[in-house]
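Since every read-out is calculated from the coordinates, none of them should be taken as a lab result. The structure displayed is predicted, hence computed values, not measured ones. Using ideal geometry, Cβ is built from the backbone for each residue, glycine included, and neighbour counts are taken over all protein chains shown.
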Amino acid sequence: MKNNDLQLGVIGSGGRGGHLARIAHNPGKGARVVACCDINPGTLARNRTEFGRDVFTTHDIEALLNRPLDAVIIGTPDFLHEDQAIAALQHGLAIYLEKPMALTTAACDRILATAKRHRARLYVGHNMRHMAFVKKMKELIDAGAIGEVKACWCRHFVGHGGDFYFRDWHAERRYTTSLLLQKAAHDIDVIHWLCGGYSRVVNALGALTLYGDLPGRKPPVKGPRHINLQGVKFDEYPPATLRGLNHRIDVEDLSSMQMQLDNGVFATYAQCHYTPDYWRNYTFIGTEGRLENFGNGEPGTHLKLWHHRSNYQAKGDRNYKIPMEKGSHGGADPKILAEFLHYARHGGHTATSPLAARESIAAGCAATDSLRAGGKVQHVPAPQPALVRWFAQGGA
Ligand SMILES: NC(=O)c1ccc[n+]([C@@H]2O[C@H](COP(=O)([O-])OP(=O)(O)OC[C@H]3O[C@@H](n4cnc5c(N)ncnc54)[C@H](O)[C@@H]3O)[C@@H](O)[C@H]2O)c1
């Protein structure tokens, strides 16, 4: 730790990783990006202007990990998370690993086991846990505002789905498993967190219902396609007008899953990648009321709570305004990075949890298996008790 700044490395220093790195980089104020690894030379050139000419840049992850670092941000695509996280943890580094933690449940368990074995600090980037509307819902539920939670229904309108998930590697199973993992990992985690349990039984239905038929695909490439969304206009509608999608699309664009949690709560989650609007709507139903969000942090975001019988009652019995917060993802990105940097330095309790991140993948993987087996019920494997104990105590 030079000048008391955490020395940060970034793997995948373009897209999401680059964004996180720019937020974290505060020389003299706690953290400095000193090394970047990316396969794109243009990104590395940009990193040298963003983080100073002395920043170490490389396309070789081992070269980065051999630098004197305190912590690493891993912002590469999903299919690289397992190997890169394990490599960094084996160096004993604290890591911020983007969600989804990995492509399979077994891969998540290998990451957890490596963190435990090397006593390294593992942090998974579930930034929704730092969104103001999610935190307020959690606070109200924990305070008993709707009694004992029995059910959750989440509708996920992925308005930019075609642009964000069907133009590049996201569209291929081999790189994401499914969008129930890649996209829903956030929501499954929120459902688990607010309902106070983990899914142990799931089933799902879904299909590729729109994007699979669109013409004007990009020519095939060997390996994963990476794109730069800068310059893409997000106003094309209806979605059937989209062109230039990935040459191969084998993930579903419409899906829904049901979950039975280990505490008896029942949850449903539905995802559509071609709605005109882009947001998530959660309803939590308890023994003494119902809580629902309207908006995800944009101006006007609020929660409504009902605890009297009525017919349609638009205003709700209570209304909670959610203030707009500064920073990307409704202010969650600066907050999650601040939490990670504190954790990398001191360890201790965090709002996010590597074990919970694993459980969201386990539920998403089982739901994907169910969906691809025509809706057959699947049991979600629980993690090993030794791992549960280690991470429940806060890990390293
Ligand atoms: N938590 C969130 O809100 C949030 C938001 C966006 C993305 N993400 C996650 O971030 C991750 C990255 O997403 P993205 O859209 O930025 O992906 P991307 O395709 O833009 O890739 C990110 C970077 O990784 C680099 N890269 C690719 N292969 C590499 C390799 N082998 N070694 C080093 N660098 C490599 C790319 O060149 C790029 O700069 C995904 O796992 C995604 O789920 C999370």
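Tabulated results
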{"read-out": "Which of 328, 13, 310 has the fewest Cβ neighbours within 10 Å, and the rest in rising order", "value": "310, 328, 13"}
{"read-out": "Amide N proximity, region 59-84 versus residue 250 label position 7 Å along Cα-to-Cβ, cut-off under 17 Å", "value": "79"}
{"read-out": "Residue with peak Gaussian network fluctuation, the chain [Cα springs, cutoff 10 Å], from 232, 55, 190", "value": "232"}
{"read-out": "Rounded to 5, the percent of DSSP beta bridges in the chain classed as antiparallel", "value": "60 percent"}
{"read-out": "Of 340, 266, 164, the one that fluctuates the most in a GNM where the chain has Cα springs shorter than 10 Å", "value": "164"}
{"read-out": "Rough spin-label spacing in nm, given labels placed 7 Å along Cα→Cβ, for residue 218 and residue 135", "value": "3.6 nm"}
{"read-out": "Whole-Hz couplings from phi, Karplus 6.51/-1.76/1.60, listed for region 84-97; x for Gly and Pro", "value": "6, 5, 4, 4, 5, 5, 5, 7, x, 7, 6, 10, 9, 10"}
{"read-out": "Cβ-based exposure ranking for 274, 269, 211, in which fewest neighbours within 10 Å come first", "value": "274, 211, 269"}
{"read-out": "Once the Cα gyration tensor of region 1-144 is diagonalised, semi-axes √(5λ) in Å", "value": "26, 19, 15"}
{"read-out": "Cross-link partners of residue 222 among lysines (Cα-Cα below 26 Å; sequence separation of 8 or more within a chain)", "value": "99, 183"}
{"read-out": "Relative exposure of 321, 150, judged by other C-beta atoms within 10 Å (fewest first)", "value": "321, 150"}
{"read-out": "In Hz, Karplus ³J(HN,Hα) per residue of region 15-24 (6.51, -1.76, 1.60; θ = phi - 60°; x = Gly, Pro)", "value": "x, 5, x, x, 4, 4, 4, 5, 6, 6"}
{"read-out": "Rg followed by Dmax, in Å, when the chain is reduced to its Cα trace", "value": "20.9, 65"}
{"read-out": "Debye log10 I(q)/I(0) for region 59-129, one point scatterer per Cα, at q = 0.18, 0.19, 0.26 Å⁻¹", "value": "-0.61, -0.69, -1.25"}
{"read-out": "Gain in span if fully extended, residue 324 to residue 174, counting 0.36 nm per residue against the direct Cα distance", "value": "50.2 nm"}
{"read-out": "Backbone HN-Hα couplings from phi across region 72-78 [Karplus 6.51/-1.76/1.60, Hz, Gly and Pro as x]", "value": "9, 9, 10, x, 8, x, 3"}
{"read-out": "Net lengthening on full extension, residue 119/residue 287 (0.36 nm per residue, minus Cα-Cα)", "value": "56.3 nm"}
{"read-out": "FRET E, pair residue 317, residue 262, Förster distance 35 Å, beta-carbon r, rounded to 0.05", "value": "0.70"}
{"read-out": "Pairwise FRET efficiency - residue 66 versus residue 29, Cβ, R0 = 30 Å, nearest 0.05", "value": "0.70"}
{"read-out": "Viscosity 0.890 mPa s, 25 °C: Kirkwood-radius Stokes-Einstein D of region 129-332 over Cα pairs, µm²/s", "value": "134 µm²/s"}
{"read-out": "Relative contact order %, the chain, counting alpha carbon pairs below 8 Å whose residues are six or more apart", "value": "20 percent"}
{"read-out": "Cross-link partners of residue 218 among aspartates and glutamates (Cα-Cα below 16 Å; sequence separation of 8 or more within a chain)", "value": "163, 168, 172, 250"}
{"read-out": "Point-to-point label distance, residue 373-residue 228, nm (Cα→Cβ direction, 7 Å offset)", "value": "4.4 nm"}
{"read-out": "Once the Cα gyration tensor of region 1-51 is diagonalised, semi-axes √(5λ) in Å", "value": "20, 9, 9"}
{"read-out": "Long-range amide H partners of residue 254 with built H, under 5 Å", "value": "207, 209"}
{"read-out": "P(r) of region 296-396 over all Cα-Cα pairs, binned every 10 Å from zero, in whole percent", "value": "12, 22, 24, 33, 8, 0"}
{"read-out": "Among 336, 227, 73, residue whose mean-square fluctuation peaks in a GNM of the chain (springs only between Cα atoms under 10 Å)", "value": "227"}
{"read-out": "Relative contact order (percent, whole number), region 129-332, Cα cutoff 8 Å, 6+ residue spacing", "value": "33 percent"}
{"read-out": "15 Å Cα-Cα reach of residue 335 towards aspartates and glutamates, excluding residues that sit fewer than 8 places from it in its own chain", "value": "98, 325"}
{"read-out": "Label-point gap, in nm, between residue 384 and residue 236 - each point 7 angstrom along Cα→Cβ", "value": "4.8 nm"}
